[in-house]
Amino acid sequence: MVTWAYAAILAWSVAMPAPAMSVAPVASVAPATPAVLPMPRPEQVMAVPPELRAQLQQQVIDASGSGRSRLERLVGFLFQKSGLGMEYSADATLTIEQAYRTRKANCLTFTLLTVALAHESGLQAYGQELDDVVAWRVGDDIVYRFNHVNAGIAIGRSRLTVDVARDLVMSHKPPERISDQHLLALYYNNRAAELLAGASPAAAAPYMDMALQLAPRYASAWANAGVLHLREGDPRAAERDYLKALALDPANAGALMNLVALYRNNGDEARRAVYARRLEKVQVKDPYFQFLQAEDNEKQGDYAGAVQHYRRAIRLYDGDSRFYLGLAHAYRQLGEERHARRAMNRAAALSRRSAGSRN
């Protein structure tokens, strides 16, 4: 999913306010499959082809052992050349069969694949969503903010995670378990965003409709539906979608940011001010929004302002080394070397702690 707070900074940096969309993997969005292909049904997205099932049976399932040893074989099967040898590809939002044919997957597709093969292997598996990951992209007047998904595995009382991007993703909140149906909704949501960027609203519409059918209470999908309606030239429908998103999640900053832009464009200053205040209340509590504002300050050469925003981010969350690295850089630009060294030392300590938790 794409993220609101981060998108807001980028929206301010372009000439015309850009609608924000939410997309699932940490990846740039570009069509992974031609838009002319028919939309797969939900049962087709996670369908395991017979050849893959046979290979899984031989390399993972047939061997005896505990659930943990079966999981270890499954992970080896996913990554090693003797198995699937899957490769990460940022733009590969694919069905399981397409991923099997191409041996490519982004975070979302890799999670779909892992969950499906774990189910085939008799393991309890499910998707997990992290919604506070910093990643973004601007294209075609749309700001994309990315969340992250990975696969959770339950073996007895143990809860384990299989993540294709564990070394690339940092989050200050634990992942939230999601259903297979919600995971499928993320697939259709992502394909809608990809097709909107690379084809047309008409091509994206059926994917967006399916995402909402599968997850009617998923606020970010309603916010994205609003972006789609806006691109179709229907601002009234876009407004209804944004308000629906806020009814489900009053703090959904994608919907808030898009409403602010919508009311600014149609001259409704009273409503713009109301939702701008709500958006500000959400953003001021978000450490990553403060982080991105600091980066924006640096781009403008305002290093004192950057220090303020980095320090606010750290007060909200003291566990991300990027905040301290940015703070150190800003201090150096101001000639405050002692403060810069202190920030660098803290960044190094956090990096060591993070590396230790992954080993």
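The values are calculated or read from the model by the stated rules, or taken from the named source; none is laboratory data. Everything numeric in this text was worked out from a predicted model, so none of it was measured. We place every Cβ from the backbone using ideal geometry, glycine too, and count neighbours over all the protein chains shown.
Data table
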quantity: Residue list for the stretch 90-104, restricted to those being at pLDDT 90 or above, buried (at least 20 other Cβ atoms within 10 Å of the Cβ) and touching a strand residue (DSSP E or B) at 6+ places or on another chain (Cβ under 8 Å); calculated: LEU94, ALA99
quantity: Qualifying residues in the stretch 261-295 (those that are of a type in the set (A, V, I, L, M, F, W, C) and touching a residue at least 40 places away in the same chain (Cβ under 8 Å)) - the one farthest from ASN147 (Cα to Cα); calculated: ALA261
quantity: Tally of residues being modelled with pLDDT of 95 or more and either among the charged types (D, E, K, R) or in contact with a strand residue (DSSP E or B) (Cβ under 8 Å, 6 or more places away or on another chain) (or both) across the stretch 44-71; calculated: 2
quantity: Subset tally (residues that are assigned to a strand (DSSP E or B) and modelled with pLDDT under 90) for the stretch 115-149; calculated: 13
quantity: Tally, over the stretch 162-192, of residues that are loosely packed, with under 14 Cβ neighbours inside 10 Å and at pLDDT 85 or above; calculated: 4
